[in-house]
1. Quick one: count up the residues across segment 135-162 that are part of a strand (DSSP E or B) and either free of Cβ contacts under 8 Å to residues at least 60 places away in the same chain or out of contact with any Gly (no Cβ under 7 Å at 6 or more places or on another chain) (or both).
2. Take the residues in segment 144-156 that are open to solvent by less than 20 Å² (accessible area, probe 1.4 Å) and within 14 Å of residue 180 (Cβ to Cβ); name whichever of them is farthest from the chain's Cα centre (by Cα).
3. Could you check segment 1-12 and list, in sequence order, the residues that are open to solvent by 60 Å² or more (accessible area, probe 1.4 Å) and over 30 Å from residue 76 (Cβ atoms)?
4. May I ask you to list pairs of residues, at least six apart or on different chains, whose Cβ atoms are under 6 Å apart, with the first in segment 107-122 being closer than 19 Å to residue 214 by Cβ and modelled with pLDDT under 95 and the second being in a strand (DSSP E or B) and of a type in the set (D, E, K, R)?
5. Would you call residue 36 within 20 Å of residue 189 (Cα to Cα) and β-branched (Val, Ile, Thr)?
6. Report the residue count in segment 199-224 for those that are farther than 21 Å from residue 351 by Cα and of a type in the set (S, T, N, Q).
7. Checking residue 167 against (1) touching a strand residue (DSSP E or B) at 6+ places or on another chain (Cβ under 9 Å); (2) within 30 Å of residue 10 (Cβ to Cβ), which single condition isn't satisfied?
8. Please report, ordered by residue number, the strands (runs of 3 or more DSSP E) entirely within segment 50-125 with at least 1 residues that are under 22 Å from residue 257 (Cα atoms) and open to solvent by 30 Å² or more (accessible area, probe 1.4 Å).
Amino acid sequence: MVQLYGQTLTRRQVSERSGMLSQFAGVRVMTLGDGVERGIRMLEFRTGSGLRFTALVDRALDIADCDYKGQAIGWHSPSGFRHPALHEYEGEGGFSWARSFSGLLLTCGLDHILGPEEVPADNYNYPGRKSVRHSLHGRVSTIPARLTGYGERWDGDRCVLWAEGVVQQSAVFGEDLHLHRRIEAEVGGNEIRISDRVVNHGFARTPHMYFYHVNVSHPLVDEGSRYLAPVTDVVWAAHAGEAYSAQGVGYRTLPAPRMNFREQVWQHELAADADGLVPVAVANDRIGLGFEIVTQKNQLPCMYQWQNFQAGQYAMGIEPSTHHALGNTAARDRREMIWLEHDESRSYEATFRVLDGQAEIDEAERRIASIAKQPEEDFPAPSGRFPKLAEGPRS
């Protein structure tokens, strides 16, 4: 059954009330037409509940806009949704990724995450290529997808909006990794579901790293908004040491925008529930709006929290990851790198859920606290204990 406008409706009843479902909800493809966004194909999803979001076909099917009943959730940075043809992956010492950094979701990978690094390339067995030079967060987020389908699907009286595509990150004498992505949202619902599968299409043994850079901003992010997570340990903080509490911003409570704020990044160790799920939420009690991200611990065992409260760039990132914040070289040295042989794959699922009203915020907070109660202090001492991750296959 479809929940719309305070009513529970069958498929027939929905049809009786409109000439087309698109009157209430649907998914349609459009092309952006101006500035740095010109030429990007975009899918717009509307669920009918007030949830609207867009997926950029030409930017790895990542999610750009996200709003609920007119209230923005996803972040729009000063860079805009830049066309991938304008992107220079190896520019600015590996940091040009920041010129294409905007939106609710940016996918990071497929063979590298985190800061710029140079790593051995002997696995590709090409004498002319001794190493691979990686830029910030990898290549995948600026690669166009091949759109394989989209639309609405009725299953009895339940209707699902969906889109699918394939993103190919490939090179001669290099990696040949394919990301198969499916996005779903139910008519009348407040959830976005992401199902990804990364497969080694090539025949060289290939490293694989992956994480979701989920970026939320105003009005969800505001002074007094709260970060809720089943934190069992604060593992690491990029700003640890003398600067750890210098800005007066801890991990739990968000400040108003600030001049000259220097980004802070934390890695938290999170507990999972009985089903292996890890929920993290941001809550704005003042306006009764929250946003929850749910992932699977056995797929994305690590979690970063990115704080960028600089005026004009105001955002916070929730970042479930396959690997620790130590980076590519450390993953190899610790024997934690995921290596994919031909036709091997890894699958990832994520659910993004709007929390509408204080009752839903309170329920999410209760569920999260029942898994593990997060530290009450704003600046827990980082332990430096990076749990051992398994090498190779992880179910």
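1. Of the residues in segment 135-162, 11 are part of a strand (DSSP E or B) and either free of Cβ contacts under 8 Å to residues at least 60 places away in the same chain or out of contact with any Gly (no Cβ under 7 Å at 6 or more places or on another chain) (or both).
2. Checked segment 144-156; the qualifying residue farthest from the chain's Cα centre (by Cα) is 149.
3. Across segment 1-12, the qualifying residues are 1, 6, 7, 8, 11, 12.
4. none
5. no
6. Counting residues in segment 199-224 that are farther than 21 Å from residue 351 by Cα and of a type in the set (S, T, N, Q) gives 2.
7. Tallying (1) touching a strand residue (DSSP E or B) at 6+ places or on another chain (Cβ under 9 Å); (2) within 30 Å of residue 10 (Cβ to Cβ), residue 167 fails exactly one: (2).
8. Passing ranges, in order: 62-68.
The values are calculated or read from the model by the stated rules, or taken from the named source; none is laboratory data. Predicted, not measured: the structure shown is a model, and the values here were computed from it. Here the Cβ is made from the backbone with ideal geometry for all residues, glycine too, and neighbour counts use every protein chain on show. These accessible areas exclude ligands, DNA and RNA; they are computed on the full protein's heavy atoms, side chains included. Shrake-Rupley method; radii C 1.70, N 1.55, O 1.52, S 1.80 Å.
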